[in-house]
Structure formats: structure tokens, C-alpha cells
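Data block below; observations after.
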């Protein structure tokens, strides 16, 4: 259950990071509200997951999921240029996240 919570929290990290960019320095109401709610839920989920998952592993997975999804969304939405190298690097990051999960399962 902790891993599911951590994955959801990582997705919410991508939500709050994207909303932060769209808030225009907190001058736009709804992106600012989405940022605040997603931030609280993401941090709360990360904290709860850290009860069962080591801090280093949990944080690396959380950041990896959030960063991958944030870049992927930016490329799909056209706000950031896509390239083959970026896509390969995202796959590498996802592979590292999966690897951390597999290593944690062996303990």
C-alpha cells in the first residue's frame, strides 16, 4: 500500500509543479489553488509512505515520478520542445525508479 501511495504522491508532484508554472507567480487563482491542494496531498502521501519505505528510496522515487511526468506533460503540451534524447532520458529515469522498487523488495 505504501508503494501505491508513493506513486500517487509522485503523480501529484507533477500536478503541483505544473500548476506552479501556470500560476504566473501566484497571480492566477485556480492554478494557485491546484498547486496548494496538490502540494499538501503530495507531501502528505510522501510522509505516509516513508513510514514503510526508506527515506532515500521514497524521495528518489517521488522525485523521479514527478520529474518524468512534468517533463513529459510539458513536451506533450508543446510548452517544451521534445527530443529523442529527452525521451530516452525519461525512460532511463523511469527505469531507475523501477530498479529502486525492485531493490527495496529484496530487503
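The values are calculated or read from the model by the stated rules, or taken from the named source; none is laboratory data. Fair warning: this is a prediction, and the values are worked out from it, not measured in the lab. Cβ atoms come from the backbone with ideal geometry, glycine included; neighbour counts cover every protein chain shown.
Observations on the structure shown:
- If the condition is being touching a helix residue (DSSP H, G or I) at 6+ places or on another chain (Cβ under 7 Å), at pLDDT 95 or above and assigned to a helix (DSSP H, G or I), then the stretch 37-57 contributes 38, 39, 41, 42, 45, 46, 48, 49.
- The condition of being touching a helix residue (DSSP H, G or I) at 6+ places or on another chain (Cβ under 7 Å), in a helix (DSSP H, G or I) and either touching a residue at least 24 places away in the same chain (Cβ under 8 Å) or closer than 24 Å to residue 103 by Cβ (or both) holds for only one of 15, 34, that being 15.
- Subset of the stretch 61-107 [surrounded by fewer than 11 Cβ atoms within 10 Å (Cβ to Cβ) and either in contact with a helix residue (DSSP H, G or I) (Cβ under 7 Å, 6 or more places away or on another chain) or not in a helix (DSSP H, G or I) (or both)]: 78, 81, 83, 106, 107
- Only a single criterion out of (1) surrounded by fewer than 20 Cβ atoms within 10 Å (Cβ to Cβ); (2) touching a residue at least 12 places away in the same chain (Cβ under 8 Å); (3) under 22 Å from residue 104 (Cα atoms) is not satisfied by residue 20, namely (3).
- Residues within the stretch 18-31 that are farther than 23 Å from residue 61 by Cβ and assigned to a helix (DSSP H, G or I), tallied: 4
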